Amino acid sequence: MNNKEYIAELAQKTGYTQADTQKMVKVVIDRMLDTLVEDETVSIAGFGTFEVKKRLERVVVNPSTGQKMLVPPKLVLNFKPNAQIKEILKEGGNEDE
């Protein structure tokens, strides 16, 4: 599902226009980004937790040349789904169906 399809479906389910729905989704995402940039976690009840983690510096080896390279540390976004979401995905279906 792409962004346009997601917004259309969300607008239909909520009764808002697609333009209003797009604005609301943008505000939610922007606020989540602001919170993550401040190095705070974002927890969404019934869904999961987003957090920024620091990946440490490490040495990797190019398998074709055998050359060792140093990969610098970086920040990565991590998502941990809650138990209910994990169970739904494990069973391979939606709870609505």
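The values are calculated or read from the model by the stated rules, or taken from the named source; none is laboratory data. Remember, it's a predicted structure, so these values are computed and weren't measured experimentally. Don't worry about glycine lacking a Cβ; one is built from the backbone with ideal geometry, like all the others, and counts go over all protein chains shown. These accessible areas exclude ligands, DNA and RNA; they are computed on the full protein's heavy atoms, side chains included. Shrake-Rupley method; radii C 1.70, N 1.55, O 1.52, S 1.80 Å.
Out of all the residues in the stretch 74-87, is one or more open to solvent by 100 Å² or more (accessible area, probe 1.4 Å), more than 23 Å from D34 (Cβ to Cβ) and modelled with pLDDT of 95 or more? Checked the stretch 74-87: no residue is open to solvent by 100 Å² or more (accessible area, probe 1.4 Å), more than 23 Å from D34 (Cβ to Cβ) and modelled with pLDDT of 95 or more. Residues of the stretch 1-27 being of a type outside the set (D, E, K, R), within 25 Å of N82 (Cα to Cα) and surrounded by 12 or more Cβ atoms within 10 Å (Cβ to Cβ), which ones? Within the stretch 1-27, Y6, I7, L10, M24, V25 meet the criteria. R58 passes every criterion in (1) more than 15 Å from L75 (Cβ to Cβ); (2) among the basic types (K, R); (3) open to solvent by less than 100 Å² (accessible area, probe 1.4 Å) apart from (1).
Considering the conditions (1) over 22 Å from Y6 (Cα atoms); (2) exposed (fewer than 12 other Cβ atoms within 10 Å of the Cβ), G46 is excluded by exactly one of them, (1).
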